[in-house]
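Written out below as structure tokens is the structure these notes cover.
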Amino acid sequence: MELKKATRSYQLSQVILDKTFEQTVESEFILPDYLAEIVRIVKCMGTPHIVSKQRADQKIILDGYVHFHLLYTSEDGAKLYSFEQSIPFTKQIDAKVAVEDALVETAVKGEYINCRATNPRAISVRSSVSIRVKAVGKAEQTVLSDVSGMGVQMKKERFSATVPAASGQKAFSLEDETDLALSSPPEAVLGVDSYLSIDDYKVITGKVILKGECRNHVSYLLQNNQVESADYTIPVSQIVDIENCSADMAFSVRAAVLDCKAELKQNIEGENTVLSTQMVCEASVVCYRQEEIETIRDLFSTTFESEYKTRPFTASSVSILPKQAFTVTRQVKLDGPALTTVYDVWGEVNLLTQKMEEGVLVAAGNVKATVIGADGEGTLHFSEKNVDFETRIPAPGDGQNQTADLTVKLAGSSASLAPDGGAELRFDLEGEAVLTSTFTGNVVEDLSVDEESPKETDKNIALTIYYCDRGEDVWQIAKRYNTSVEGIVQENSLEGDTVPEKRTLLIPIVSE
């Protein structure tokens, strides 16, 4: 019988790049004339942002900036002054493969920031940021899918894979103006924490409609040198265009605030009580479809000598875990004098470890907390503390050959005075994870049968008796005796691919 071979190609996901890069950012500034000279630096802060991503050939070009914020006192030491500036940077990354059609996601955080006054009106700044870049594309893998004729026996493996069918990213802006109701006129915006949440989405042909909200927590320095905060919400509704997406697919939806700027503006009475906020946001949507993959892991011919070539084959199955909300509360002792008032707290989430255990994703990290308070004399203090956390997220599977891509975002924060002069801190966190189960192994790429080398068989023998142990693989037995799995299963009324108990097997001899 003629040897017939069939192949099949699969479009599978491929992680092109997943690496963290360091970027140093430096600059020098001269204070504007309307600000007082620097006598004592109270606090300097740097928040990094990635505002654009370009893909060209094998390059990924990231443009961003560090939002530098200086708090200092002047000669009298009583009043707190605020100075802000942006320090731009560009990071070019060589992915070494084409990235034009890849989905590129970034996560950026500040590692450190140092500043010093080189003279009473000049500031030198040096900071370092880390940027995680993940680029996912598609790769076509072709395998031998079926062989018939010349007594060829095959060991096939079937499994479900999750194939990224399409993806899309959209950058969009949000703007808002809010009239403030504060106890004293505001002097400056000290900080803004923004959290973007997509709570619902709807799929129509070629489009994904996203709905959610952006929650903002803003701290203000008042003219009486006190601090107040306010929370407000901006509704979000966006459409991401994605070709070839349909409602029967699985969707991973992630959204983030890339940049947030807030400034005070005058109201109709000429007072600086209007908060103007401009945000640059990004939504990423990946559409997955399920595909049944069939590969040949081993084969042989019962009639001729044969040999085959293998190639590595990797496929994955993706599970999108539900959002996990959890709260971290901690009472912390602060450096410096005991506080009589705690005004607010800012938080920056650092995810340090994540690992898969059986049925659970275990993640640990900390929130870098900046506590704002005042002592009995009304002097403002800024204290930093790391608040550790651990969360356990239910995840299907046994943990073997599984990885998780988890992001943890700060959804809200609050602080109050503790009895010992420290602070009671509360952080509301939210985790989003995509769980990937990976199959990796060698599959048969091609087969050759040597018709000039037939296998010798004793035509006088129809059956062979074999004493097997419990758990033996029927395929290996068939290969050893140059017969078929189907023949062994039928002759011995077996129900699976392994022998359930120690017993005697009847091995039929086949030649075609």
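Summarised as an ellipsoid, the range 73-206 has semi-axes of 55, 23, 13 Å, derived from the eigenvalues of the Cα gyration tensor scaled by 5 and square-rooted, with the largest first.
Among the protein heavy atoms, those of Ser252 account for about 10 Å² of accessible surface (1.4 Å probe, every chain in place).
When the GluC sites (Glu not before Pro) in the range 326-422 are filtered for DSSP coil states and for at most 14 other beta-carbon atoms within 10 Å of their beta-carbon, the remaining sites are Glu358, Glu377. Among the trypsin sites (Lys or Arg not before Pro) in the range 22-114, those located in a DSSP loop and surrounded by at most 16 other Cβ atoms within 10 Å of their own Cβ are Lys79, Lys96. Of the solvent-accessible surface of the range 2-125, computed with a 1.4 Å probe over protein heavy atoms with every protein chain present, carbon and sulfur atoms account for 44 percent.
Taking all protein chains as shown and a probe of 1.4 angstrom, Ser493 keeps an accessible surface of around 100 Å². Return the sequence-ordered ³J(HN,Hα) values of the range 440-447 in whole Hz as given by the Karplus equation 6.51 cos²θ - 1.76 cosθ + 1.60 applied to θ = phi - 60°, using x for Gly and Pro. In residue order, the calculated couplings are 9, x, 9, 10, 6, 9, 7, 9 Hz. When you have a sec, figure out the Kirkwood radius of the range 382-509 from all distinct Cα pair distances and drop it here in Å to one decimal? So the Kirkwood estimate lands at 21.7 Å. The Kirkwood hydrodynamic radius of the range 158-218, based on inverse pair distances between different Cα atoms, is 16.2 Å. Excluding ligands, DNA and RNA, the accessible surface per residue across the chain is 50 Å² with a 1.4 Å probe.
Contact order, relative form, for the chain: 13 percent (alpha carbon pairs under 8 Å, 6 or more residues apart, mean separation divided by residue count). With the helix formula -39500 (n - 2.57) applied to DSSP H stretches of n ≥ 4, the chain reaches a computed 222 nm mean residue ellipticity of -1000 deg cm²/dmol. Pairs Lys202/Lys323; Lys156/Lys323; Lys265/Lys323; Lys19/Lys333; Lys134/Lys333; Lys19/Lys138: which are spaced more than 29 Å apart, C-alpha to C-alpha? In this structure, Lys156/Lys323; Lys265/Lys323; Lys19/Lys333; Lys134/Lys333 exceed 29 Å between Cα atoms. Our estimate of slack between Gln223 and Thr90, defined as 0.36 nm per intervening residue step minus the Cα-Cα distance, is 44.1 nm. Note on the chain: Kirkwood hydrodynamic radius from all Cα pairs is 27.6 Å, rounded to one decimal.
Less than 5 angstrom separates the built amide H of Ile16 from those of Ala135, Val136, Gly137, all sequence-distant by 5 or more or on a different chain.
Here the range 283-343 exposes an accessible surface that is 47 percent carbon and sulfur, computed with a 1.4 Å probe and the other protein chains kept in place.
The values are calculated or read from the model by the stated rules, or taken from the named source; none is laboratory data. Treat the numbers as computed from the prediction; the structure is a model and nothing was measured. Positions of Cβ are generated from backbone atoms using ideal geometry, with glycine treated the same way; all protein chains shown enter the neighbour counts. Protein only, heavy atoms only, side chains kept; ligands, DNA and RNA dropped before computing areas. Shrake-Rupley method; radii C 1.70, N 1.55, O 1.52, S 1.80 Å.
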